[in-house]
Amino acid sequence: EVDEVKLMECAACDLVRYCSDKCQKNYKSQHEEACKKRMAELHDELLFKQPESRHDGDCPICMLPLQLDPKKSTMKGCCSKLICNGCDHANNIRGWEERRDPLCPFCRQPVPTEKECNKNRMKRVEANDPVALCQKGFEQYRKGDYCSAFNYHSRAAELGDMEAHCWLSHLYHNGHGVEK
C-alpha cells in the first residue's frame, strides 16, 4: 500500500504490482515476456524441489532422508532404529580408531549377538513397534509360516508401517495365508 492505494500483484509471477485492473490491462503486453519466464522458474522450483521427508523418515543420526534403496540403510538390532549406511560406517571407523568393540550409533549399546537381537525384537513386538512387527512377519514368511506372517504384517500395517502394506499385497497376490 502506497498513499492508501492498494496495489494488486500479478497473480502469475508476483513480480509486478498494479494500481487497478485497467492499469494491468494497459501494461500486460510489456510484462508478458518477463511473466512467462518467472512462471516457468516458479514451476521448475516446485517440480524439482526435494521432498522434506520420505515415508521411511530420516536417519536419526544425520537427519537426512533415508535412501529409497533398502541396501543403503541398516537396521540396528538393539534399538530397532534404521540408520543410513554412511552414519553406520562413520561409527564403525570411530570404533576401529578408538580400538573398542562396536557400539550402536543411536543408543550407544554394544552391538548385540543374533540371539540378543531376536530377544530385543520380541520385546519390540510385544510393545507393538510396527517395524519390529514387520520384521517378525518377514521372518515368518521366510520360514513358510504364512498365517503368522499375515498376522504380524496386518498388525504392523494397522500401526502405519508402509513396508507391511507391501508384504500384505504379496501375501494376497500369491494366496499365502489368505484367500487369493
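Each semi-axis of the equivalent ellipsoid for the chain is √(5λ) with λ an eigenvalue of the Cα gyration tensor; in descending order they amount to 53, 25, 14 Å. For the range 130-180, the square roots of the Cα gyration tensor eigenvalues, ordered a ≥ b ≥ c, give a/c of at least 1.5 with a/b no greater than b/c, which places it in the oblate category.
Please tell me which of these pairs span more than 20 angstrom C-alpha to C-alpha: Lys81/Lys123; Lys71/Lys115; Lys81/Lys115? If you can, show how the numbers build up before the last one.
Details: Lys81/Lys123 14 Å; Lys71/Lys115 23 Å; Lys81/Lys115 18 Å.
Pairs exceeding 20 Å: Lys71/Lys115.
For the chain, the longest principal axis of the alpha carbon atoms and the long axis of helix 21-48 meet at an angle near 20°. Around Asn151, under 12 Å between beta carbons, what's the net of Lys plus Arg minus Asp minus Glu among the other residues? Neighbour charge sum, excluding Asn151 itself: 0. Converting phi to 3J(HN,Hα) with the Karplus coefficients 6.51, -1.76 and 1.60 and the offset θ = phi - 60°, the range 157-168 yields 5, 4, 8, x, 7, 5, 5, 4, 4, 4, 5, 4 Hz in sequence order, with x at every glycine or proline. The distance linking the range 81-147 with the range 23-39 is 58 Å (Cα centroid to Cα centroid, whole angstrom).
So how tilted is helix 85-97 from the main axis of the chain? Cα-based, degrees 0 to 90, rounded to 10. Helix 85-97 sits roughly 60 degrees off the main axis of the chain.
With an 8 Å cut-off on Cα pairs and a minimum separation of 6 or more residues, tell me the relative contact order of the range 58-180 in percent. Walk me through the intermediate numbers first.
Numbers: 156 pairs, mean separation 18.9, N = 123.
It comes to 15 percent, rounded to a whole number.
For Ser73, the residues whose modelled amide H falls within less than 5 Å of its own, excluding neighbours fewer than 5 places apart on the same chain, are Asn85. The residues neighbouring Pro112, those whose beta-carbon lies less than 12 Å from its own, together hold a net charge of +2 under the Lys/Arg +1, Asp/Glu -1 convention.
Given the rule -39500 (n - 2.57) for each run of at least 4 DSSP H residues, summed and divided by the residues of the chain, what is its mean residue ellipticity at 222 nm, to the nearest 500 deg cm²/dmol?
Working: 6 runs with 94 residues, N = 180.
The per-residue figure over the chain is -17000 deg cm²/dmol.
Taking trypsin sites (Lys or Arg not before Pro) across the range 35-134, the ones in a DSSP loop with at most 16 further Cβ atoms lying within 10 angstrom of their Cβ are Lys49, Arg54, Arg99, Arg100, Arg108.
Reported value for the range 8-48: 51 Å³ per residue, from the convex hull of its C-alpha atoms.
Computed from the coordinates by the stated procedures, all read-outs in this text should not be read as laboratory data. Keep in mind that this is a model prediction, so the values were computed, not measured. Counting neighbours? That spans all protein chains shown, and the Cβs are built from the backbone with ideal geometry, glycine included.
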